[in-house]
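The values are calculated or read from the model by the stated rules, or taken from the named source; none is laboratory data. These numbers were taken from a predicted model, which means no experiment stands behind them. Every residue, glycine as well, gets a Cβ built from its backbone with ideal geometry; the counts of neighbours run over all protein chains shown.
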């Protein structure tokens, strides 16, 4: 595939050309996990900050297609891609997408590279990635988010914290094990 892309660019193909949805060759290469092709396209002038009509950045796409993209995400960040970019319709960041996909590897990678753990989406519930992990009982994802500073006491758009959601869904024992000091602190604050 790389030789084909090189030939297209040599024939004056615009690496930033987009379809009716705003998808560029970079979006397609990222979706397929083709790091070499992504590198070629960026080297030949492709924009690593490009967004589709819905706001999908290359990192959003990489976060939704785990495995093959573990080495692609750091490359995109090094080339200026915004790790905390939000989708236009629901405000999800790549970290929200990884939390919805129950992908601890991508979550760890995003957080290690500067993703904000306490960022809200702009959907109906205005959740943080931790709210999502707790809601679906994605314990490993919740552990990683907490390790990187996710606050279990931040309230979402419905006025519920991740710790409250955990209590209601029965997932509290796992969160107590990972984040006991913060829970103790929040109980003391409520009793004052």
Only one residue in 16, 36, 21 is assigned to a helix (DSSP H, G or I), exposed (fewer than 15 other Cβ atoms within 10 Å of the Cβ), at pLDDT 60 or above and under 25 Å from the mean Cα position of the chain (by Cα). Which one? 36
Given (1) more than 28 Å from residue 76 (Cβ to Cβ); (2) modelled with pLDDT of 90 or more; (3) out of contact with any strand residue (DSSP E or B) (no Cβ under 8 Å at 6 or more places or on another chain), identify the lone condition not met by residue 155. (3)
Please specify each residue of region 103-116 satisfying the condition of being within 13 Å of residue 140 (Cβ to Cβ), outside any helix (DSSP H, G or I) and touching a helix residue (DSSP H, G or I) at 6+ places or on another chain (Cβ under 6 Å). none
From the residues in region 72-99 that are surrounded by fewer than 21 Cβ atoms within 10 Å (Cβ to Cβ) and more than 27 Å from residue 134 (Cα to Cα), which one is nearest to the chain's Cα centre (by Cα)? 77
When region 144-157 is examined, which residues are found to be crowded, with 18+ Cβ neighbours inside 10 Å and part of a helix (DSSP H, G or I)? 144, 145, 146
Just wondering, is there one or more residues in region 123-136 that are part of a helix (DSSP H, G or I) and within 30 Å of residue 40 (Cβ to Cβ)? no
Looking at residue 66 and the list (1) in contact with a helix residue (DSSP H, G or I) (Cβ under 8 Å, 6 or more places away or on another chain); (2) assigned to a loop (DSSP other than H, G, I, E, B); (3) at pLDDT 90 or above, which single condition is not satisfied? (3)
